[in-house]
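To keep things clear, I will list the structure first and then write my remarks on it.
The values are calculated or read from the model by the stated rules, or taken from the named source; none is laboratory data. Since the model is a prediction, treat every value here as computed from it, not as a measurement. Please note: Cβ atoms are built from the backbone with ideal geometry, for glycine as well, and neighbour counts cover all protein chains shown. For the accessible areas, the whole protein counts, side chains as well, though only heavy atoms, and no ligand, DNA or RNA atoms are used. Shrake-Rupley method; radii C 1.70, N 1.55, O 1.52, S 1.80 Å.
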Amino acid sequence: MMIYNNIPLKKYNTFGLDYMAECMIHIRTEKEATALFNGTVNWKKPFLILGSGSNILFTSDFKGTILYPELKGIKIEKQESDKGNLIASAGAGVNWDDFVEWSVNKGFGGLENLSQIPGKVGATPIQNIGAYGVEVKDQIVKVKTININDGSVRIFSNKECEFSYRNSIFKNSEKGKYLVTRVYYSLTTNPLLNLSYESLKEEVNKLGAETLKNVRQAVINIRRTKLPDPDRIGNAGSFFKNPVVQNYVAINLKNEYPDMPVYKDQEGHMKLASGWLIDRCGWKGKRTGDAGVHEKQALVLVNYGKATGMEIFKLSEEIKRSVYEKFGVELEREVEVVGVI
Ligand code: EPU
């Protein structure tokens, strides 16, 4: 376990925001985590569990302790040779895309559509990450955690995680109570590829056969054309969720704006595209100082260098207001805001 005081956060958040944290603890093993929370040391509260900081907007210095899980290791837990089903697990600190790449190279399907999503394994159940017609909840079997109030181990089954679109129990009733240490995923050597997303199918066909590797490559290609690389331009992926609305709201809007994209989500609810709504309000490519709206995807807010978290937050509020005024639809942030606002 490594403990640091007064640490700059710039390299710990993909927006590249320059704030400080009072204390940060790097946790490398489950044993360290248990020892940390067994009550012998009174750590400065609040705690904040930080993965790779790819879904967070700091708006001020953090006056508490940041927990930074570095638990590593990828394992095949169980393989049923006849059906091709298996369970593989990864430590919370494993880079998500390294795990996806490992699974695709082994010929294990299930995660390929989720290629190149920034972040670490430990954040995937919190957020229920998703892309190109797949959500990670469809693959998660269980989540191993440690209770940060007493150091005890608790395993959440898939059902207990209460997953929904970009949401789970870890963002609701159990928020901030558990440190994820390891996540278990169900994979298969007989994958049924999900090419329901039209542009993904087209890109795969350009590459050749419908194979796991081509799906991964196609996802990477599409992401590269639309999403900015956080190493070059600070961002946190989609800043807002896509709004789920009542059927009549979607129908009325579609009548008024026939080219508006409308989807049915897995539960059969109508979902709109925030990127389209924001784009239609004229925000794409707009910039105030160093805070801006990405020029290729209006759902992504960017830091061109020296923006503050507050400037990005204010920009997001203006966007919310204008989308509400034009379409009567309330956008909800996907990114977690941490700090004074
Ligand atoms: N659109 C526009 N203008 C824009 C952006 C989008 O008109 O500036 C339109 C597109 O043409 C398309 C629709 O809006 O018809 C949806 O856009 P896109 O396919 O790019 O996906 P998205 O709904 O904007 C979601 C996820 C992404 C994920 C992609 C691909 C959310 C909040 N975002 O974006 O996830 O990669 O689908 O599946 O659900 C993330 O969560 O950080 C993220 C990047």
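Can you find a residue that is part of a helix (DSSP H, G or I), more than 13 Å from the ligand (Cβ to nearest atom) and among the polar types (S, T, N, Q) anywhere in region 308-325?
Within region 308-325, the subset part of a helix (DSSP H, G or I) is 309-325.
In the following step, the residues that additionally are more than 13 Å from the ligand (Cβ to nearest atom) were identified as 309-318, 320-322, 324-325.
So of that shortlist, the ones also among the polar types (S, T, N, Q) come out as 316, 322.
Checked region 308-325: at least one residue is part of a helix (DSSP H, G or I), more than 13 Å from the ligand (Cβ to nearest atom) and among the polar types (S, T, N, Q).
Only one of (1) in contact (Cβ under 8 Å) with a residue 60 or more places away in the chain; (2) among the charged types (D, E, K, R); (3) in a loop (DSSP other than H, G, I, E, B) fails for Lys44. Which number is that?
Only one criterion in (1) in contact (Cβ under 8 Å) with a residue 60 or more places away in the chain; (2) among the charged types (D, E, K, R); (3) in a loop (DSSP other than H, G, I, E, B) is unmet by Lys44, namely (1).
Name the residues in region 217-234 that are near the ligand (Cβ under 9 Å from one of its atoms) and either open to solvent by 70 Å² or more (accessible area, probe 1.4 Å) or out of contact with any helix residue (DSSP H, G or I) (no Cβ under 8 Å at 6 or more places or on another chain) (or both), would you? Break it down into steps so the answer makes sense when it comes.
Initially, region 217-234 is screened for residues near the ligand (Cβ under 9 Å from one of its atoms), giving 219, 222-223, 226-227.
Of everything in region 217-234, those that are near the ligand (Cβ under 9 Å from one of its atoms) and either open to solvent by 70 Å² or more (accessible area, probe 1.4 Å) or out of contact with any helix residue (DSSP H, G or I) (no Cβ under 8 Å at 6 or more places or on another chain) (or both) turn out to be Arg223, Lys226, Leu227.
Quickly run through region 291-307 and pick out the residues that are open to solvent by 40 Å² or more (accessible area, probe 1.4 Å) and either within 14 Å of the ligand (Cβ to nearest atom) or touching a Phe, Trp or Tyr at 6+ places or on another chain (Cβ under 8 Å) (or both). Please lay out each step first, then the result.
Taking region 291-307 as the starting set, the residues that turn out to be open to solvent by 40 Å² or more (accessible area, probe 1.4 Å) are 295-297, 304, 306.
Result: Glu295, Lys296, Gln297.
Run down Lys159, Lys175, Lys120 and say which single residue is surrounded by 21 or more Cβ atoms within 10 Å (Cβ to Cβ) and of a type in the set (Lys, Arg). Let's see the steps before the verdict.
Values: Lys159 fails: surrounded by 21 or more Cβ atoms within 10 Å (Cβ to Cβ); Lys175 fails: surrounded by 21 or more Cβ atoms within 10 Å (Cβ to Cβ).
The conditions single out Lys120.
Give region 183-205 a look and list any residue that's open to solvent by 60 Å² or more (accessible area, probe 1.4 Å), in contact (Cβ under 8 Å) with a residue 60 or more places away in the chain and within 16 Å of the ligand (Cβ to nearest atom), or say none.
Ser196, Tyr197
Rundown of residues vs (1) charged (D, E, K, R); (2) over 30 Å from Asn242 (Cβ atoms), yes/no style:
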residue	(1), (2)
Lys45	yes, yes
Ile66	no, no
Asp82	yes, yes
Ala92	no, no
Trp96	no, no
Phe99	no, no
Asn105	no, yes
Val121	no, no
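Just give me the residues in region 244-263 being surrounded by fewer than 18 Cβ atoms within 10 Å (Cβ to Cβ) and not in a loop (DSSP other than H, G, I, E, B), in sequence order.
Correct list: Val244, Asn247, Tyr248, Val249, Ile251, Asn252, Lys254, Asn255, Glu256, Val262, Tyr263.
Lys31: assigned by TED's automatic domain parsing to the domain that holds Asn167, out of contact with any strand residue (DSSP E or B) (no Cβ under 6 Å at 6 or more places or on another chain) and not in a strand (DSSP E or B), yes or no? Give the steps one after another, and end with the answer.
Working: assigned by TED's automatic domain parsing to the domain that holds Asn167: no; out of contact with any strand residue (DSSP E or B) (no Cβ under 6 Å at 6 or more places or on another chain): yes; not in a strand (DSSP E or B): yes.
It is false that Lys31 is assigned by TED's automatic domain parsing to the domain that holds Asn167, out of contact with any strand residue (DSSP E or B) (no Cβ under 6 Å at 6 or more places or on another chain) and not in a strand (DSSP E or B).
Kindly indicate which of Asn147, Asn128 is in contact with a Lys or Arg (Cβ under 7 Å, 6 or more places away or on another chain), open to solvent by 20 Å² or more (accessible area, probe 1.4 Å) and not assigned by TED's automatic domain parsing to the domain that holds Ala33. Reasoning before the result, please.
Details: Asn128 fails: open to solvent by 20 Å² or more (accessible area, probe 1.4 Å).
Within the list Asn147, Asn128, the selection yields Asn147.
Does Gly208 count as open to solvent by 20 Å² or more (accessible area, probe 1.4 Å), away from the ligand (no atom under 11 Å from the Cβ) and not basic (Lys, Arg)? Write out each step before concluding.
Numbers: open to solvent by 20 Å² or more (accessible area, probe 1.4 Å): yes; away from the ligand (no atom under 11 Å from the Cβ): yes; not basic (Lys, Arg): yes.
Yes; evaluated as a whole, the condition is true for this residue.
In region 206-251, how many residues are basic (Lys, Arg) and touching a Lys or Arg at 6+ places or on another chain (Cβ under 6 Å)?
So in region 206-251, the residues basic (Lys, Arg) come out as 206, 213, 216, 223-224, 226, 232, 241.
Adding the requirement that they be touching a Lys or Arg at 6+ places or on another chain (Cβ under 6 Å) leaves 226, 241.
Counting residues in region 206-251 that are basic (Lys, Arg) and touching a Lys or Arg at 6+ places or on another chain (Cβ under 6 Å) gives 2.
Select from region 264-286 the residues that are touching a Phe, Trp or Tyr at 6+ places or on another chain (Cβ under 7 Å) and open to solvent by 10 Å² or more (accessible area, probe 1.4 Å) and list them in ascending order. Before you say what the answer is, go through the steps one by one.
Start the filter on region 264-286 by keeping residues that are touching a Phe, Trp or Tyr at 6+ places or on another chain (Cβ under 7 Å), which leaves 265, 271, 274, 277.
Once the filter is applied, which keeps residues that are touching a Phe, Trp or Tyr at 6+ places or on another chain (Cβ under 7 Å) and open to solvent by 10 Å² or more (accessible area, probe 1.4 Å), region 264-286 yields Asp265, Lys271.
Can you report the number of residues in region 75-105 which are farther than 28 Å from Asn55 by Cα, part of a loop (DSSP other than H, G, I, E, B) and either open to solvent by 70 Å² or more (accessible area, probe 1.4 Å) or without any contact (Cβ under 8 Å) to a residue 60 or more places away in the chain (or both)? Spell out the reasoning first.
In the first step, residues of region 75-105 are kept if they are farther than 28 Å from Asn55 by Cα; the result is 76-86.
Then drop every residue that is not part of a loop (DSSP other than H, G, I, E, B), which leaves 81-84.
Still in the running and either open to solvent by 70 Å² or more (accessible area, probe 1.4 Å) or without any contact (Cβ under 8 Å) to a residue 60 or more places away in the chain (or both): 81-83.
The number of residues fulfilling the criteria is 3.
What is the residue count in region 141-171 for residues that are within 18 Å of the chain's Cα centre (by Cα) and either among the small types (Gly, Ala, Ser) or within 26 Å of Glu203 (Cβ to Cβ) (or both)?
So the count comes out to 4.
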